[in-house]
Structure formats: C-alpha cells, structure tokens
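Visitor: Pasting in a structure now, in structure tokens, and then I'll have a few things to ask.
The values are calculated or read from the model by the stated rules, or taken from the named source; none is laboratory data. Not measured: the values here are computed from a predicted model. In this analysis, Cβ positions are derived from the backbone assuming ideal geometry, glycine residues included, and neighbour counts consider all displayed protein chains.
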Amino acid sequence: MTTIAHVRGCVPTSMGTFGSELHARNADFIEHVDQMGRDVADVVQHWRGAGATAASARALGERMAATNIDEVAAALVVLFDSYGKQLDGTRTTLLNVVDKEAAGAGMAVADDGSVTAPQYPQSGTLVGQIMQSRLVQQAADFEAEIKGLLKSFGDDEKQAADMLQQGVGFLKILQKAPTTPMYSADGRYKLGAPERPGLEHDDTFLYNTKEGTFDDWLSKVSWQGKLLGGEMIRSDLDDATAMYAHYWDNDGKPIGFDFSEAYREDGAIKDAVDDEIRRSAAAADMFARAGNKEFRMTGKPTSIGKDTAYPETENWQKAVGGYQQWSSSNVRVEGNRVTMDVTVNADDYYNFDKGKSDMATGASDQENGRFAEVGWARPFESHGSLTRTISWEMGNPPAHADSGGTSDPERNAGREDRTDNRDSGDGKRAPDNNRDTGGTRPK
C-alpha cells in the first residue's frame, strides 16, 4: 500500500530531468553513429571487392543497431517525461490536501491516509453534537480524497515501473543482438509484454441526462417483455439476450463472454481470429529468425466490422457487433522449431448509437438508447479471449490455427450458457455467476 511518507520521499520531477539527459545523450550517440557512417562512406567510396562490401555491411549493421537503440531510448524519454509530470501532479495535490487543507481544518492524518476529526468543544450539547457530526463528515471526505490520491499515485508508479522495465528489457535484448528489430515488418507487432489498447466509449445517448415519461415506461415494459420472450423461446440468441439483460441491470459492470463459442458459431469472427493468428505467427517467425530465442510479443488492435467483415450471425451481431481485437503471444525457439502461445482478445463497449438500427429486425437504436438517457439501463464493457498453441519450422509460419485451444472465461456461468442444456453442460440448475459480470440472472 502506498503511504504518505512514501509519496513525500519521491521526487517525480527528477524523472523529467533524467529523461531530458537521456534524450541529450541519445542524440549525441546517434550523431556519432551517423558521423561514423559518413566517414566509412568517404573512405570506401573508391574501394572495390570484398573489403568494400564488408566495410559497408559493418556500417549498415551499426546503423541498424543505432536505430533500434534510438527507438527504445526515445520511448523511454517519453515515459520518463509523461509519468514524471503525472506523478508530480498527483504528489502536489495530495500534499496540499494533507498539509494545508486537512491540517488547516484541525484534522489528524495518518500515514495510510486515515483522517480523524478533532473533538468539538461542548460536544455534549445539541449544537456541539451537530458540529461534531459535521467535522466527522468532513474528515471522511478528506480521507476519501487522500486515499484516492494515494491509490492513483501507487497505480501510476507501478505502471511507470512496468513500462520502464519493459524498455530496459528491450535494451537488454539489443545488448545481445543489436540489430534485432523491435517491430515486425508491417509495424503491427512489437517485442514486449501485453499492452491492452484503450477502448472508446462512443456514447451518443448520454446516461441519465433526460427525464422519463409515461411513453418511456410503456416502451420499457414492451422491450423487457421482448427480452423475456427471447430468453424463453430463442435459444439461438442466448448470448445476445444475456448481454441485453445486463444492459437492464443498470450497473455498468464489465461482463465476460465466451470468445471460443463466438469463434465456433460465427464464420466472420472465426476468419478474423484466424487472420490475427496468421499475422502473429508471421511476426513471431521474423523475430525468431532475427535471433530471439524466448520472447513476448504484443500487437496493435483491429476494428472488427470496420477493418474486417461484421459478425454474420444474429446472436453475435447483437451480443458484440463490431468490436476491438488484439493479441499477445509467448514465443520460444528450440533448435529450428518455433512454438507460440497466442491469446486473441476481444473488447467491446455495449451501447446503442443514434442513427443506427438492428440488422436483423430493423429496430431503431433510438428506442433502446433512450433507456440509457433516462437512467434505466446502462452501457458496459465486455471482453473475451481465446488461446491457441501453434508450432512450425522456422521460416515456414502457418497460415491458420492448427490446434485446439482454450477460452477465458471458458464459460460465463449465469450469463450466457443456458440451463436448458443448449451449449452449456451445466444441467437444469441456475449456475453460479462469474464475478466479472453483474448480478446473476438464471435463464
């Protein structure tokens, strides 16, 4: 747990200073390498034969190594600068609350952020009791703010450490193999730990911004009736009704879905996953041929439905529609054999959009988006993943997944797999609910 004493002892501004120094030293390094290249070119311009070829190749290799180091150093400079400013801002705000605002109000602040209110004089009187109650509430407000800032500082500090450690890891790789590329040829994949991309919340119906009417209430009854009917008689829409039911839970909590099930049932989703695995394998093969023996790799996101075909089944059109897909992989090389554990992730933001309508029924999104506006239903994030293990001879990456795999969560109990035994295997009982979802909803 991050403490106030720990925050006091940190000087985030030094991160920016170090970043500036690193930037300057790196610029000097690149200039030296460039000058070396120019010098070599001047010397060998009149050479012929193997000597000229060898000298030019050596200069090119040095330049490639310098470019890789420059990329990593430049990324580290950005990290030092951005996290230094972010941590310094949080630190300044926190210490201002602790040393000025809370102290000025007579509050005692513990190192863990707990705040104790002072004792109001004449607390035995009615006025004294009222004033003491106000002080206690003020202390609670200070405590919530201070602990929130402590958590933010700790989270940012850990994230900064993780990102900087990844950069150091890149430099260690380059120390062993200076010409090793950090990125795949297409720029989609890079060496390093998984980096979950941000997920856009593109709300066009803003939550709880309108007052409900009697017509809204009638529409609510109608749509909830459709949900109940769908749960009862449309077993082919089990995932879609689960997502829609969670929309009505109105808590906005993230929910998991079975991405392996989506892969099995929807041809467009399967094609998108297979293509991601194919591209990941090609990138991993390139990194392996560059000399990496055991490494992690992460990829940029693809917008399914925009960059690729939209899901083709009604169930998955309604359950996730267009979503964001990305992958991360663990790769190991033994001899001439490359083995990759690749996890393909799907992230979606479930909501309704103005001007759009349901592909199967033609129902306008306006009808369901209205429920969010009046605060009766709430958009939420959803996620799923599947993992495949594939192996190939170096230089010949496979064109598609060729082995079985797993999914996380494999089965989102209480949310999507039905208790009528359709694609579930959980018998005729209401299964225990996955804690990643909202409240349980037996079907």
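Visitor: Restricted to segment 82-117, and to residues that are among the small types (Gly, Ala, Ser) and within 10 Å of Ile146 (Cβ to Cβ), which residue is surrounded by the most Cβ atoms within 10 Å (Cβ to Cβ)?
Guide: Residue satisfying both the conditions and the ranking: Gly113.
Visitor: Let me ask you something else. With respect to the numbered conditions (1) surrounded by 15 or more Cβ atoms within 10 Å (Cβ to Cβ); (2) modelled with pLDDT of 80 or more, which one is the sole condition not fulfilled by Gln166?
Guide: For Gln166, the failing item is (2).
Visitor: Now, a different point. Of a type outside the set (Gly, Ala, Ser), touching a strand residue (DSSP E or B) at 6+ places or on another chain (Cβ under 7 Å), in the same structural domain as Ile304 (by TED's automatic domain parsing) and modelled with pLDDT of 95 or more: which single residue out of Val344, Val374 fits that description?
Guide: Val344
Visitor: Looking at the structure I just gave you, is Phe153 at pLDDT below 90, touching a strand residue (DSSP E or B) at 6+ places or on another chain (Cβ under 7 Å) and either charged (D, E, K, R) or not assigned by TED's automatic domain parsing to the domain that holds Phe352 (or both)?
Guide: Criteria not met by Phe153.
Visitor: If you don't mind, there's one more thing I want to ask. Here is a check on your reading of the model: is Ala401 modelled with pLDDT of 95 or more, assigned to a loop (DSSP other than H, G, I, E, B) and under 27 Å from the mean Cα position of the chain (by Cα)?
Guide: Working: modelled with pLDDT of 95 or more: no; assigned to a loop (DSSP other than H, G, I, E, B): yes; under 27 Å from the mean Cα position of the chain (by Cα): yes.
No: the conditions fail for Ala401.
Visitor: Against the definition (polar (S, T, N, Q), modelled with pLDDT under 95 and closer than 25 Å to Ala242 by Cα), how does Ser357 come out, yes or no? Please lay out each step first, then the result.
Guide: Details: polar (S, T, N, Q): yes; modelled with pLDDT under 95: yes; closer than 25 Å to Ala242 by Cα: yes.
Answer is yes for this residue.
Visitor: Residue by residue through segment 333-360, note down the ones that are under 16 Å from Tyr310 (Cβ atoms) and loosely packed, with under 14 Cβ neighbours inside 10 Å.
Guide: Residues satisfying the conditions are Lys356, Ala360.
Visitor: Got a sec? Which of Ala272, Ala284 is touching a residue at least 60 places away in the same chain (Cβ under 8 Å) and either assigned to a helix (DSSP H, G or I) or among the hydrophobic types (A, V, I, L, M, F, W, C) (or both)?
Guide: Working: Ala272 fails: touching a residue at least 60 places away in the same chain (Cβ under 8 Å).
None of the other options fit; the residue is Ala284.
Visitor: I would also like to ask the following. For segment 210-238, how many residues are part of a loop (DSSP other than H, G, I, E, B) and surrounded by 11 or more Cβ atoms within 10 Å (Cβ to Cβ)? Walk me through how you get there before you give the answer.
Guide: Quick first cut of segment 210-238, residues part of a loop (DSSP other than H, G, I, E, B) only: 210-213, 234.
Narrowing further to those that are surrounded by 11 or more Cβ atoms within 10 Å (Cβ to Cβ): 210, 212-213, 234.
Adding up the residues that qualify gives 4.
Okay, residues lined up against (1) more than 26 Å from His246 (Cα to Cα); (2) free of Cβ contacts under 8 Å to residues at least 12 places away in the same chain; (3) small (Gly, Ala, Ser); (4) outside the structural domain of Asp202 (by TED's automatic domain parsing):
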site: Glu276; (1), (2), (3), (4): yes, no, no, no
site: Gly299; (1), (2), (3), (4): yes, no, yes, no
site: Lys306; (1), (2), (3), (4): no, no, no, no
site: Tyr323; (1), (2), (3), (4): no, no, no, no
site: Ser329; (1), (2), (3), (4): yes, no, yes, no
